[in-house]
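Chemist: This is the structure I have questions about; it appears just below.
The values are calculated or read from the model by the stated rules, or taken from the named source; none is laboratory data. None of the values given here were measured: they were computed from a predicted structure. Using ideal geometry, Cβ is built from the backbone for each residue, glycine included, and neighbour counts are taken over all protein chains shown.
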Amino acid sequence: MNLLRVEGITKYFGGLAANKDITFEVEEGELLGVIGPNGAGKTTLFEQISGFKKPSEGRVILDGKDITAQRPDKICSAGLARTFQIVKTFPELTVLENVMIGSFHRESSSRAARKYAGEVLERVRFSHKADALGKELTLAGRKRVEVARAVATRPRILLLDEAMAGLNKQESAEAVEVVRDLRKEVTVVMIEHVMEILMPLSDRIVVLVEGQKLLEGTPEEIASNPQVLAAYLGERFAARNK
Amino acid sequence: MNVNGLPQGSSVWGMVRQYLPWVLFLGFFALYPIVFDSPSDHTLGIKMMWFAIAATGWNMLGGFAGQISLGHATFFGVGAYAVALADEYEWNPWLAMILGMGVAAIIAVIIGWPVFRLKGHYFTIATIGTGEIAFLLVRNSEFLGGTEGFLMRSDEGFLNFYWGGRQKWEFYYLGFVLLLLAVVSTVMISKSRMGYYLQAIRNNQEAASSLGVPIAKYKQLAFIYSAVFVSIAGSYFAQQLQFAGPDEAFSLDTSIRITIIAVIGGVLSKWGPMIGAIVFLFLSEWTNIRFGGNGFDLVIFGFIVMVMAAFEPNGLIGLGNRFAHLLEKAKS
């Protein structure tokens, strides 16, 4: 059975449709990539799945339960955690404390929350920065904290919104390794702008263009699809590669 | 816990940083009436206590959770009027104080329930509104003494919440115990899940919410806590003055004083409100003596708050931390 089902999600901003009738499913244990050019509505889609925006139409079903337009903290309790494209690190808290806010979700005592946060930091290979303040981190560090915090809530499904955008080669290679580790234990949906990062990681890929699902398939199918090339790289490039 | 903006070390210096504030504060407040032993000094010390208790209570909401209230005079007034009514009808003032705490909590829920469901800075504006409404209701209520308020005639004695009388060290220490109650409970909360959640809310509500923090619920809890302790301060205040009137207890002026004290001291630290109370009291006494009691102290405090807001939002505690940071750098 699928773990997450997005059903006919449509979102209007005024008269403009940012998402139009988007439907897809995520199987337990898989890694689904979501790609699309700027303005394709990827983040808007995540905002609706995670409860930050209310869809104009459509439903979000998590493990058979309708979670459409519930409060974000309720959705987190239901087992779905997300990161933010524009990072929202707690600047005055240390890295460990940032992650504790996540681990407190399933641990009521500070001692247990601190212990679990420490374990999560080990898993995402960021223990060496545990005592640094949120505001002292580089972008790569902040993105890592985003992931660690979300993982610390012990989700069944993790939504990563451009967890690697803006990182240099080495940093994103590290981040890819972290995601490879994490996906062994949790179902992942990740938005990524950079195709070459997403292709080798994903089991399946959903392509969004201008608010609509263009197609869905394995990385190989997507990479060889002329429509995707056209949407991504422009008509001329697509024509040249025919 | 790192509310002071500096990472904690495990060195001796770290230990000193951790325990020194306790030694300083407990030492200062415990020794104050012994070192300064005239009745007027004791009166000043008692004022310091009620401001410190009120600002510590305010700070759970305004500092930890970052929800600035300009209406806490309402709770101060509830506490003051609870013991004033007790005096009028000859109830026990301690029980009246506890009853006042309950009423303060209920009012906090009534105000908080609708307001915390709104996003943005509505809370501050709403509290100005509710504060003024309460002020006008009390002024126009005959049962609550109208514009005159209540003059009280407490008998001396611990059970009458009037231990030793208004200018005595006994009454000062009574306040000290209440302040300890406020500080110890603040520390316990700050080390618990609630303390962390409130800081997360202050830092970034969306992120907190995505990590499963029920924002409205925790703001509400902080509001209840702060209302209860501000009402305790109000009860202590009325017992000392032997008077409770709308202009002293319920006015916007009182709300602003409580806020200024916490802001001067530094809202991100549990010690901030107490530093604020000490500095506020001594400076305002000094300006009253130097310039006469014409409200000139508020001009000075307005200026200090402006400077703080511009350069060091964490108040005197923040300045102190910067200084300590420099010292540490100089040592290494």
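Chemist: When region A:100-138 is examined, which residues are found to be part of a loop (DSSP other than H, G, I, E, B), crowded, with 21+ Cβ neighbours inside 10 Å and within 8 Å of chain B (Cβ to nearest Cβ)?
Modeler: Selection gives A:Phe104, A:His105.
Chemist: Please determine, by comparing only the residues of region A:8-56 that are within 14 Å of another protein chain (Cβ to nearest Cβ) and aromatic (Phe, Trp, Tyr), which one is nearest to the chain's Cα centre (by Cα).
Modeler: Once the filter is applied, the top-ranked residue is A:Phe46.
Chemist: Now a separate question. What pairs can you find where one residue is in region A:77-99 and closer than 19 Å to A:Asp131 by Cα and at the interface with chain B (Cβ under 8 Å from one of its Cβ atoms), the other is in a loop (DSSP other than H, G, I, E, B) and of a type in the set (Val, Ile, Thr), and their Cβ atoms are less than 8 Å apart, with a gap of 6+ or different chains?
Modeler: Once the first residue is closer than 19 Å to A:Asp131 by Cα and at the interface with chain B (Cβ under 8 Å from one of its Cβ atoms) and sits in region A:77-99, its partners that are in a loop (DSSP other than H, G, I, E, B) and of a type in the set (Val, Ile, Thr) give A:Glu92/B:Val3.
Chemist: Also, quick follow-up: Quick check: anything in region B:180-187 within 14 Å of another protein chain (Cβ to nearest Cβ), within 30 Å of A:Ala113 (Cβ to Cβ) and either modelled with pLDDT under 95 or surrounded by 15 or more Cβ atoms within 10 Å (Cβ to Cβ) (or both)?
Modeler: The answer is yes; a qualifying residue exists.
Chemist: Only residues in region B:205-225 that are under 17 Å from B:His121 (Cα atoms) and within 9 Å of chain A (Cβ to nearest Cβ) count as the first member; pair them with residues that are polar (S, T, N, Q) and not in a loop (DSSP other than H, G, I, E, B), Cβ under 8 angstrom, at least 6 apart or cross-chain, and list the lot.
Modeler: B:Ile215/B:Gln205; B:Ile215/B:Ser209
Residue by residue, here is whether (1) under 30 Å from A:Pro91 (Cβ atoms); (2) among the basic types (Lys, Arg); (3) at pLDDT 95 or above holds:
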residue	(1), (2), (3)
A:Val145	yes, no, yes
A:Glu162	yes, no, no
A:Ala175	yes, no, no
A:Glu192	yes, no, no
A:Glu210	no, no, no
A:Ser224	no, no, no
A:Gln227	no, no, no
A:Ala231	no, no, no
A:Lys242	no, yes, no
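Chemist: Out of the residues in region A:25-82 meeting the condition of being assigned to a loop (DSSP other than H, G, I, E, B) and hydroxyl-bearing (Ser, Thr, Tyr), tell me which one is surrounded by the most Cβ atoms within 10 Å (Cβ to Cβ).
Modeler: That would be A:Ser50.
Chemist: Evaluate region A:26-39: report whether one residue or more is polar (S, T, N, Q) and at pLDDT 95 or above.
Modeler: No, every residue in region A:26-39 fails to be polar (S, T, N, Q) and at pLDDT 95 or above.
Chemist: Across region B:31-61, which residue is surrounded by the fewest Cβ atoms within 10 Å (Cβ to Cβ) among those that are within 18 Å of B:Tyr236 (Cα to Cα) and aliphatic (A, V, I, L, M)?
Modeler: For region B:31-61, the residue satisfying everything is B:Leu44.
Chemist: How many residues does region B:151-172 contain that are surrounded by fewer than 19 Cβ atoms within 10 Å (Cβ to Cβ) and outside any loop (DSSP other than H, G, I, E, B)?
Modeler: Final tally of qualifying residues: 6.
Chemist: Quick test of your reading of the structure: B:Gly100 fulfils all but one of (1) among the small types (Gly, Ala, Ser); (2) surrounded by 16 or more Cβ atoms within 10 Å (Cβ to Cβ); (3) over 21 Å from the mean Cα position of the chain (by Cα). Name the failing condition by number.
Modeler: It is condition (3) that B:Gly100 fails.
Chemist: I've got another one for you. Consider only pairs whose beta carbons are under 9 Å apart and that are at least six residues apart or on different chains; among these, list those whose first residue lies in region B:311-329 and is surrounded by 14 or more Cβ atoms within 10 Å (Cβ to Cβ) and whose second residue is of a type in the set (D, E, K, R) and modelled with pLDDT of 80 or more.
Modeler: Sorted first by the residue in region B:311-329, then by its partner, the pairs are B:Glu312/B:Arg322.
Chemist: Between residues in region B:232-249 that are on the phi > 0 side of the Ramachandran plot and surrounded by 24 or more Cβ atoms within 10 Å (Cβ to Cβ) and residues that are outside any helix (DSSP H, G or I) and of a type in the set (D, E, K, R), which pairs lie under 6 Å by C-beta distance while being six or more apart or on different chains?
Modeler: Correct list of pairs: empty, since none qualify.
Chemist: Condition (residue is among the hydrophobic types (A, V, I, L, M, F, W, C), in contact with a strand residue (DSSP E or B) (Cβ under 9 Å, 6 or more places away or on another chain) and either at positive phi or in a strand (DSSP E or B) (or both)) applied to region A:12-20: is it met by at least one residue?
Modeler: Checked against the condition, which is being among the hydrophobic types (A, V, I, L, M, F, W, C), in contact with a strand residue (DSSP E or B) (Cβ under 9 Å, 6 or more places away or on another chain) and either at positive phi or in a strand (DSSP E or B) (or both), region A:12-20 yields at least one hit.
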